[in-house]
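The values are calculated or read from the model by the stated rules, or taken from the named source; none is laboratory data. Fair warning: this is a prediction, and the values are worked out from it, not measured in the lab. Here the Cβ positions follow ideal geometry from the backbone for every residue, glycine too, while neighbour counts run over all protein chains shown. Areas reflect the complete protein model, heavy atoms only, side chains present, ligands, DNA and RNA absent. Shrake-Rupley method; radii C 1.70, N 1.55, O 1.52, S 1.80 Å.
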There are 2 protein chains.
Amino acid sequence: MYICHMYSSELIKGTLKTIVLNLLKNNKKMYGYEICQKVKSMTDDKIQITEGALYPTLHALEKQGDVITEKVYIGKRVRKYYTLTDQGKNTMTERVNELSDFMKTMKFLLDLDTSVQNV
Amino acid sequence: MYICHMYSSELIKGTLKTIVLNLLKNNKKMYGYEICQKVKSMTDDKIQITEGALYPTLHALEKQGDVITEKVYIGKRVRKYYTLTDQGKNTMTERVNELSDFMKTMKFLLDLDTSVQNV
DNA sequence: TCTAATACCTAATTTTCTTATGTATTAATT
DNA sequence: AATTAATACATAAGAAAATTAGGTATTAGA
């Protein structure tokens with residue numbers, strides 16, 4: 001039995017934007033720190049997005065028009081909420097489809113589809 | 001319907017070593033150029049490993065003892081065949097299991113497991 | 001004879017992440 | 001009350017892994 005504690009960083013590379021965009025679809029509106037925690041808890045600590053990776057990614061998404069931001073003050077502490085734009089929804093759909101397709105291809109390539117049914 | 005012609009390069013990042021190690025499992029003995037062609041044909045041109053990425057990867061695998069090489073001359077042209085070592089077989093198993101596990105996690109994270117049965 | 005395919009290789013650059021560092025507020029612990 | 005941990009943002013230096021572009025040489029095909 002294979003027990004995995006945390007994925008090697010190479011694997012996660014390239015999927016960060018897709019993860020973020022997809023979370024924004026499901027949760028409508030999130031802030032950076034929340035995204036880190038959410039991914040960590042949803043994956044049983046297997047995927048831990050570092051803040052050094054996340055914030056530049058969020059800024060890039062904003063710059064290219066896939067998300068818009070709004071600042072909310074909780075007392076004196078600021079939160080920056082991110083929301084998908086219409087363009088961002090398209091980007092999200094494309095990215096998620098592509099990743100889904102990629103995983104099917106990888107499954108085939110690595111001979112992992114041992115099941116009988118194959119849609 | 002989503003039609004994918006070729007995956008964006010970010011996705012493939014981090015999976016190259018795993019792909020190579022796995023191909024060597026199934027095919028026993030392969031040379032670099034052959035690996036490129038095999039991956040290309042098996043994935044309907046969706047994954048095209050560039051030689052600039054492959055050769056350094058193969059050299060790294062050799063350096064860390066996961067593969068051994070033998071040169072074979074076809075006329076005057078040389079082919080460098082790569083074979084998994086025992087250590088390489090272990091590495092391969094680990095890598096493939098990790099990637100398989102990672103894809104399950106991503107499926108869950110991206111809410112892609114809509115099927116009823118869930119092994 | 002010229003081009004395409006086969007077969008290897010490396011180097012400069014780019015992208016993307018890690019690691020480290022920084023600021024500041026608020027909650028929890030001692 | 002004071003210290004630590006958690007919350008919440010951010011950037012910058014460096015590393016890793018790919019792309020892009022270049023190089024050499026042989027062989028097959030047009």
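Points worth noting:
- Count - residues of segment B:54-83 that are out of contact with any strand residue (DSSP E or B) (no Cβ under 7 Å at 6 or more places or on another chain), hydrophobic (A, V, I, L, M, F, W, C) and loosely packed, with under 14 Cβ neighbours inside 10 Å: 2
- Going through (1) out of contact with any Phe, Trp or Tyr (no Cβ under 7 Å at 6 or more places or on another chain); (2) surrounded by fewer than 18 Cβ atoms within 10 Å (Cβ to Cβ); (3) not basic (Lys, Arg) one by one, A:MET92 falls short only on (2).
- Every residue from segment A:36-53 that is open to solvent by 30 Å² or more (accessible area, probe 1.4 Å) and near DNA strand C (Cβ under 8 Å from one of its atoms): A:GLN48, A:THR50, A:GLU51, A:GLY52, A:ALA53
- Residues that are touching an Asp or Glu at 6+ places or on another chain (Cβ under 8 Å) and buried (at least 18 other Cβ atoms within 10 Å of the Cβ), drawn from segment B:19-35: B:LEU21, B:ASN22, B:GLY32
- Of the residues making up segment A:35-59, those that are over 13 Å from A:THR18 (Cα atoms) and in contact (Cβ under 8 Å) with a residue 24 or more places away in the chain are A:ASP45, A:LYS46, A:ILE47, A:GLN48, A:ALA53.
- Checking A:VAL96 against (1) away from DNA strand C (no atom under 13 Å from the Cβ); (2) away from chain B (no Cβ under 12 Å); (3) of a type in the set (Val, Ile, Thr), the condition it does not meet: (2)
- Restricting the first member to segment A:9-20 and to residues that are more than 14 Å from A:GLY52 (Cβ to Cβ), and the second to residues that are of a type in the set (Val, Ile, Thr) and in a helix (DSSP H, G or I), the beta-carbon pairs closer than 7 Å and six or more apart or on different chains are A:LYS17/A:THR57; A:THR18/A:VAL96; A:ILE19/A:VAL39; A:VAL20/A:ILE35; A:VAL20/A:THR57.
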